[in-house]
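J.: Here's a structure for you.
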Amino acid sequence: MRIEQWRGVGGWAVGALLAVAVVAGVGFVVTELRQTEPFVELRLFKNVAFTMASLVVFLNTITFMSSSFVVTLFLQIHLLYTPLQAAWILMPSAVVIGILSVVTGRLSDFIAPKILIIFGLATSTLCMFQHATITSVTSFEAIAFWFAVRGFTRSFTITPLTTGSLAPLHASELRMGSGLLSLNRGIASAVSIALTTTILQNRLAERVLLLVQDQSAMPLAAEELLQNFFLTFRNLGDFADMAQIKAAVLLQQLLSAEAALHSYHDTFILIGWMSAAGIVPALWMGKVKRTSVKAAPPVPPSQDMAAPPQPAVPYRPARGGENGTHIDRKIREA
């Protein structure tokens, strides 16, 4: 099988695998819904609040995993940071998430979780839009600061989201609900990497084509840049043919770098809009009123159990009336 068959979503092999996955997924759902005791209780999604919370979890996981993946590529491939430098930039974000997750977990006991979640999603959207302004001339400290802000926004969507997702469920449904949320996060994590890679690669190809066709998007025209590069290599002592080749290669590298920068920015903006989309289902989250559990009916006494002895009641003759007088007369005659 040739490698071209696996490249991109348009490859027939990839399309066949997607078709098999869709058929298998639909078959699994139909089978589970027909079971009286299913392996995965999909009927929990009849709860609107839980369904909306699951959708927020799915979108939030996609945005976080996608942003983490793109940020790593952006730092090491485009900005040419070493792995150690990239780790130092990303470390404050992890520290902020670890500390504030405890704080936001306590806040969710006093504030409605969906308020914290909406705040986290809104600030995450603004933060991703700010990432789209980072260039090769942005300072190390500024990049680390905005990535730490990203960790701050993330901390508002971890513990509160788990609390708000499980709140509408009964106590007997918590284990299955927690399992469905974990499954949701796993699927979103797998989808996020594939989706982000596809979007980034497609945007890179489109940006290169746009820069070649529209030279006004660059500071200088391509012909002028090529001529300046040619003269520079000629002044460095290269022959005309070699200077022409080097100038063309350098121009291609410049176009690719510029297109890559715009493709990263486009991806950051798209991730920001996906984070904003999570605000809509978050508005439907809330603690629904649970159905009260009916008390068990009283157990009737067993027939084998002897009835408790009744206390002796002393005889008191009735007084007054025809019956009472008749009974008293019989007693006196006896």
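J.: Which condition breaks for PHE58 when tested against (1) over 26 Å from LYS114 (Cα atoms); (2) surrounded by fewer than 20 Cβ atoms within 10 Å (Cβ to Cβ); (3) in contact (Cβ under 8 Å) with a residue 60 or more places away in the chain?
T.: Result: PHE58 passes all but (1).
J.: Tell me which residues, restricted to the range 255-295, are in a loop (DSSP other than H, G, I, E, B) and either modelled with pLDDT under 85 or in contact with a strand residue (DSSP E or B) (Cβ under 7 Å, 6 or more places away or on another chain) (or both).
T.: Residues of the range 255-295 in a loop (DSSP other than H, G, I, E, B): 278, 283-295.
Result: MET285, GLY286, LYS287, VAL288, LYS289, ARG290, THR291, SER292, VAL293, LYS294, ALA295.
J.: Given the conditions (1) free of Cβ contacts under 8 Å to residues at least 24 places away in the same chain; (2) over 19 Å from SER68 (Cβ atoms), report the number of the one that ALA167 does not fulfil.
T.: ALA167 satisfies every listed condition except (1).
J.: Given the criterion out of contact with any Lys or Arg (no Cβ under 8 Å at 6 or more places or on another chain) and surrounded by 14 or more Cβ atoms within 10 Å (Cβ to Cβ), identify the matching residue among THR31, THR51. Can you show your working first?
T.: On the way: THR31 fails: surrounded by 14 or more Cβ atoms within 10 Å (Cβ to Cβ).
Just a single option satisfies the conditions, and that option is THR51.
J.: Failed condition for SER172, given (1) farther than 29 Å from PHE74 by Cβ; (2) part of a loop (DSSP other than H, G, I, E, B); (3) small (Gly, Ala, Ser), with all others met?
T.: For SER172, the exception is condition (2).
J.: Then there's this: Cβ-Cβ below 7 Å, separation at least six or inter-chain, first residue in the range 241-264 and over 26 Å from PHE129 (Cα atoms) and buried (at least 17 other Cβ atoms within 10 Å of the Cβ), second modelled with pLDDT of 80 or more and of a type in the set (Ser, Thr, Tyr): which pairs?
T.: Sorted first by the residue in the range 241-264, then by its partner, the list stays empty.
The values are calculated or read from the model by the stated rules, or taken from the named source; none is laboratory data. Keep in mind that this is a model prediction, so the values were computed, not measured. Reconstructed Cβ throughout: ideal geometry from the backbone, glycine too, with neighbour counts over all protein chains shown.
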